[in-house]
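The values are calculated or read from the model by the stated rules, or taken from the named source; none is laboratory data. From a predicted model like this one, the values you see are computed outputs, not experimental measurements. Cβ placement follows ideal geometry from the backbone for every residue including glycine, while neighbour counts extend to all protein chains displayed.
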Amino acid sequence: MRIKISIIVFTLFLGSCAFNQKLPLFDNCQFPINSPYPGGVLSIDIKNIDFDSNTKLNTEGLASSVCKYSLYQSKIFIPIPLDFKSKKVDVKQGGILLNSNKIFDKNYRESRITISNNDYVSPGEELQPRIRREYGLSQEAKNTYTPIKLKDWAMIEPAKGQISSEFGVRRFINNQPRNRHSGMDIAAPEGSEVSAPLSGEIIIASNFFYKGNVIYINHGGGLVSSYSHLSQIKIKNGDKVKKGDLIGLIGQTGRVTGPHLHWEVYLMGVAINPEIFLNGSI
């Protein structure tokens, strides 16, 4: 009887000043699929290189990960930020070009909403310390990296409802331009269930000014997701959850115009279109 042994090595790089670790992470390297546009993930096949803990890559300042599925075959995953302007990404090792990849334009629509509570449009000085503190906590959470091995990273929908605002939308609030929409909004009646789309550990379960009742889940390997505007939180910091576990209820807390779930997915700190992680297709 033959026993097939698969060795998966995940290495985290940050730009040209890469730090490298040999970390088992995924049981396969087929996901996510290649989506070479701002808000997507480059998935690149690399052959004839034995990536190890000393391998350094230059990915033009972008974070990247390596999934090694045989001795000389690997995939490189590069999340593309929404504000990325270049039309290509070169992958180099020691000045040698390994791969050059086109980055395609993605036409995101424009959205204009009206918020009646001016505190959520132009918050006063008394609110700034809270907003800055919560921003720092959010930044820390979405950049969380732990070497947790995942059986898969294909997600299920966290809530049933209608997509009311897509990822990447160019937002205007009370006619003022704002940051691009860094997640997906799912509209549903208040009290509808919100489930973990993937297993992980709760790293934030709290109330934030803009996000309302919010949860962050660390799925491991630089994959983090968040769930905002909940009416109720059903878990606490440090809890371990499995795919499909109840974590909260849809609400309209924080800066909202109605009941919905704001769902974000981050790969190595970069906001990525959540649809990419739904069964590997978009």
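Evaluate the following for THR253: is it in a loop (DSSP other than H, G, I, E, B) and crowded, with 17+ Cβ neighbours inside 10 Å? Judged against the criteria, THR253 is a match. Checking the condition in the same structural domain as LEU137 (by TED's automatic domain parsing) and in contact (Cβ under 8 Å) with a residue 60 or more places away in the chain, which residue from GLY248, GLY238, GLY258 passes? So the residue among GLY248, GLY238, GLY258 that is in the same structural domain as LEU137 (by TED's automatic domain parsing) and in contact (Cβ under 8 Å) with a residue 60 or more places away in the chain is GLY258.
Among the residues of segment 22-29, are any farther than 25 Å from ALA154 by Cα, surrounded by fewer than 18 Cβ atoms within 10 Å (Cβ to Cβ) and modelled with pLDDT under 80? Among the residues of segment 22-29, not one is farther than 25 Å from ALA154 by Cα, surrounded by fewer than 18 Cβ atoms within 10 Å (Cβ to Cβ) and modelled with pLDDT under 80, which makes the answer no. Does HIS181 meet the test of being part of a strand (DSSP E or B), at pLDDT below 95 and not hydroxyl-bearing (Ser, Thr, Tyr)? The answer is no for HIS181.
Given the residues SER111, SER116, which is the only one that is polar (S, T, N, Q), under 14 Å from ARG178 (Cα atoms) and at pLDDT below 90? Of the residues listed, the single one that is polar (S, T, N, Q), under 14 Å from ARG178 (Cα atoms) and at pLDDT below 90 is SER111.
Yes or no: HIS219 at pLDDT below 95, assigned to a strand (DSSP E or B) and not basic (Lys, Arg)?
yes
Flag set for GLU134, criterion: of a type in the set (D, E, K, R), under 26 Å from ILE272 (Cα atoms), in contact with a strand residue (DSSP E or B) (Cβ under 6 Å, 6 or more places away or on another chain) and part of a helix (DSSP H, G or I).
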